[in-house]
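Novice: Here it is: the structure, laid out below.
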Amino acid sequence: MTQQKQEVLIIGIAGGTGSGKTTLANALQKEFGCERTLLIGEDSYYKDRSGIPFEQRQNVNYDHPDALDLKLLAAHLRALKAGAQVAAPLYDYVTHTRKPQSRLLTPHPIIIVEGILIYSIHPVREMCDLKVFIQTPDSIRFIRRCRRDVSSRGRSIESIIRQYEDSVRPMYNLFVEPYAAFADLLIDGEKDIYANVKLINDHTQSLHSLIE
């Protein structure tokens, strides 16, 4: 019997900042198996800002699609799906620049790509076989973002609040929430993580026979 080539399943996870995208992606990787699942974060594809002074970098609207090289992300997804390796950029959130190192990504049967803006441009959106959108209340997302930015990115509460009001919330209303309409699956960000994992697992099994 001739063995068929195994297809690559790409799962997109979108939602606002602090909605639980990374937590869900990690839980799915554990469910599907680390050896079979590749995680890709949209944040790695922020454009390099080393060419402008640090003060100007701090004022860039990082919640707008123009802040990211989403075309490169789409190209990397196409290459991985075709069986090729790619060198993904690594980003330094403190300096707003790309690191000199890169991360070698190798093809896996399941690829999970997560980020707030992955559905905002067609090339990335069309690569996703299953598009998941996490719906989480604004108040909860804000608290989660505060905790993350203070603990891991050295941000002050004042700067977090200012950025949230000036760009995070407005950009969510323009470039994130409207694209929930493209999602195949809307999930509750306050729901038990394992219940959401089961829900997505059920959907993936109806798409492909990759997960057994």
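The values are calculated or read from the model by the stated rules, or taken from the named source; none is laboratory data. Computed from a prediction, not measured in an experiment: that's the story for all the values here. In this analysis, Cβ positions are derived from the backbone assuming ideal geometry, glycine residues included, and neighbour counts consider all displayed protein chains.
Novice: Could you say whether any residue in the range 121-133 is touching a Lys or Arg at 6+ places or on another chain (Cβ under 6 Å), among the acidic types (Asp, Glu) and either crowded, with 16+ Cβ neighbours inside 10 Å or modelled with pLDDT of 95 or more (or both)?
Specialist: Looking through the range 121-133, none of the residues is touching a Lys or Arg at 6+ places or on another chain (Cβ under 6 Å), among the acidic types (Asp, Glu) and either crowded, with 16+ Cβ neighbours inside 10 Å or modelled with pLDDT of 95 or more (or both).
Novice: Sticking with this one: Out of curiosity, is residue 40 closer than 22 Å to residue 181 by Cβ and either surrounded by fewer than 20 Cβ atoms within 10 Å (Cβ to Cβ) or out of contact with any Ser or Thr (no Cβ under 7 Å at 6 or more places or on another chain) (or both)?
Specialist: For residue 40, the condition - closer than 22 Å to residue 181 by Cβ and either surrounded by fewer than 20 Cβ atoms within 10 Å (Cβ to Cβ) or out of contact with any Ser or Thr (no Cβ under 7 Å at 6 or more places or on another chain) (or both) - is not met.
Novice: State yes or no: is residue 57 basic (Lys, Arg), surrounded by 15 or more Cβ atoms within 10 Å (Cβ to Cβ) and more than 15 Å from the chain's Cα centre (by Cα)?
Specialist: yes
Novice: Would you pick out the residues in the range 90-108 that are more than 21 Å from residue 18 (Cα to Cα) and surrounded by 19 or more Cβ atoms within 10 Å (Cβ to Cβ)?
Specialist: Passing the criteria: 98, 105, 108.
Novice: Determine if the range 138-161 includes at least one residue that is among the acidic types (Asp, Glu), without any contact (Cβ under 8 Å) to a residue 24 or more places away in the chain and within 21 Å of residue 68 (Cβ to Cβ).
Specialist: Yes, the range 138-161 contains a residue that is among the acidic types (Asp, Glu), without any contact (Cβ under 8 Å) to a residue 24 or more places away in the chain and within 21 Å of residue 68 (Cβ to Cβ).
Novice: I'd like the full set of residues that are without any contact (Cβ under 8 Å) to a residue 40 or more places away in the chain and of a type in the set (D, E, K, R), limited to the range 168-196.
Specialist: 169, 191, 192
Novice: Would a scan of the range 158-171 turn up a residue that is closer than 28 Å to residue 80 by Cβ and surrounded by fewer than 18 Cβ atoms within 10 Å (Cβ to Cβ)?
Specialist: No - not one qualifying residue is present in the range 158-171.
Novice: Within the range 72-89, is there a residue that is closer than 24 Å to residue 160 by Cα and modelled with pLDDT of 95 or more?
Specialist: no
Novice: Follow-up question, since we're still on this one. Are there strands (runs of 3 or more DSSP E) fully within the range 94-212 with at least 1 residues that are over 19 Å from the mean Cα position of the chain (by Cα) and at negative phi? List them.
Specialist: 97-105
Residues checked against (1) of a type in the set (Ser, Thr, Tyr); (2) in contact with a Ser or Thr (Cβ under 7 Å, 6 or more places away or on another chain):
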| residue | (1), (2) |
| --- | --- |
| 92 | no, no |
| 95 | yes, no |
| 105 | no, no |
| 110 | no, yes |
| 115 | no, no |
| 119 | yes, no |
| 142 | no, no |
| 153 | no, no |
